[in-house]
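Below: the structure, in structure tokens.
The values are calculated or read from the model by the stated rules, or taken from the named source; none is laboratory data. Remember, predicted model here, so these are calculated numbers, not experimental data. All Cβ positions, glycine included, derive from the backbone under ideal geometry; neighbour counts span all protein chains shown. Just so you know, the surface numbers come from the protein's heavy atoms only, side chains and all, with ligands and any DNA or RNA stripped out. Shrake-Rupley method; radii C 1.70, N 1.55, O 1.52, S 1.80 Å.
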Amino acid sequence: MSTLPFPASVYAARLDRAASLAADSGLDGIVVGPGPDLQYLVGVEGDTIERLTALVLGPGIAPTIIVPRMELAKVRTTAVGQLGLAVSDWVDGDNPYDLVAEALGSVSRVGVSDALPALHVIPLADRIDVRAELATPVLREGRMIKDPEEVAELRLAGAAIDAVHRRVPEWLRAGRTEREVATDIAEAIVAEGHRTVEFVIVGSGPNGADPHHEVSDRVIGDGEIVVVDIGGAVPSGYNSDSTRTYVVGAPDPEAADRIAVLVRAQHAAVDAVRPGVTAEEVDAAARSVLAEAGLAEAFLHRTGHGIGVSVHEEPYIAPGNDLVLREGMAFSIEPGIYFAGEWGARIEDIVVVTADGCERLNIAPHGLTAV
């Protein structure tokens, strides 16, 4: 029995749109390997292995999946089976690239998904005698605009991770290590409705000044600022990602004041989100609040990233990105401030662009939370 999160009609529409976008971009065909794009298009999950699995589609091409016979039963439980897509299975000793070429037919331009490794791209290009190019611009266009079913799953993920943040004070206290706290958080991520734990960051004191610190055996001290950035995938495969900043006991007044500015910067960026503005304008909304308070140099990264079947995907809310926001885009708003050797702080929500603004998918308290 299929465990697909959406009806077959949703996947059919995604395949049709991908073929239409390929035509608009001048691509005769697209080859999609295992990864987020394949999960999005037909619900096939997993990573690339040495045996080729690939979906072939494009204008005038009947969507066809090439799959090792040993994986055939699993693939048929996805939209591939529900939609009755063409299947070309193969066994060791066969040449799967011949099957891809057969599905493509006569082509001049072929795009490949960015998750398809050189292990498969090079022999495929040799077989079809066409230089492969990235299909990323086509595939990301489909995934950037979330349909109502996807937004519902992101809401579910947001509520689940909010529930975990509300429980963080149960575990975060002086004398415990970051790793001990992270273990409790990881268990709660699953208990609150996720099927997987994608990441847990617990950055205490100076470790919080490293935006991508994960966990360590450092013992958390009284009065320290602690960054907790957590996320996972709910059963549908859609992800949560939310950061809050905590303090164990009473905070240093200067740190508390700076974090209050950070909260204002995060709110300013959220308030800037609406159709028609650019990604860089949203980034600038957060950056300007921090700059006015003399904290511009403490902000070390972009303001946000898209989210869906991947934790990080298009659109990226960053300086220089003139992408115009559209209804249905989903991304994080997560400015941070970092002081090397001292402490760091970050506040992050996922938002979805609506017709006249945006919807926050995370509502746990944003201010510095004392535990």
*Order of exposure, largest accessible area first, which applies to 243, 177, 183 with probe 1.4 Å*: 183, 177, 243
*Relative contact order, percent, the chain [alpha-carbon distance under 8 Å, six or more residues apart]*: 14 percent
_Accessible area in the full protein assembly, largest first, 1.4 Å probe, for 74, 146_ = 74, 146
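Please report the antiparallel percentage of DSSP beta bridges with both residues in the chain, rounded to the nearest 5.
Working: 41 of 55 bridges.
Percentage antiparallel, nearest 5: 75.
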_Please give me the summed charge of the neighbours of residue 242: other residues whose Cβ is under 15 Å from its Cβ, Lys and Arg +1, Asp and Glu -1._
-3
*So how long is each side of the stretch 217-371 along the principal axes, counting just the alpha-carbon atoms, biggest first, in Å?*
44, 40, 23
*For the stretch 200-243, what is the Kirkwood hydrodynamic radius in Å, using each pair of distinct C-alpha atoms?*
11.4 Å
*Rounded to two decimals, what is Rg over Rh for the stretch 8-143 when you use alpha-carbon atoms and the Kirkwood radius?*
0.92
*Theoretical ellipticity at 222 nm over the chain - DSSP helices of four or more residues, -39500 (n - 2.57) apiece, nearest 500*: -11000 deg cm²/dmol
*Using only the Cα atoms of the stretch 267-358, construct the convex hull and provide its projected area averaged over every direction, in square nanometres to one decimal.*
5.8 nm²
*Over the stretch 53-207, what per residue volume does the convex hull of the Cα atoms give, in whole Å³?*
192 Å³
*Could you check which residue among 268, 23, 293 shows the biggest mean-square fluctuation in a GNM of the chain with a 10 Å Cα cutoff?*
293
*Show the residues, 5+ positions off or on another chain, whose built amide H is closer than 5 Å to the amide H of residue 313.*
306, 307
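Average projected area of the Cα convex hull of the stretch 166-226, in nm²?
Averaging across all directions leaves 4.1 nm² for the Cα convex hull.
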_Could you tell me the relative contact order of the stretch 122-199? Use alpha-carbon pairs under 8 Å, at least six residues apart, and round to a whole percent._
26 percent
*Relative contact order [Cα under 8 Å, 6+ residues apart], the stretch 8-143, whole percent*: 28 percent
_Once neighbouring chains are kept in place and the probe is 1.4 Å, which whole percent of the accessible area of the chain is contributed by carbon and sulfur?_
51 percent
*Once amide H atoms are built 1.01 Å from N in the peptide plane, which residues 5 or more positions from residue 273, or in another chain, come under 5 Å H to H?*
none
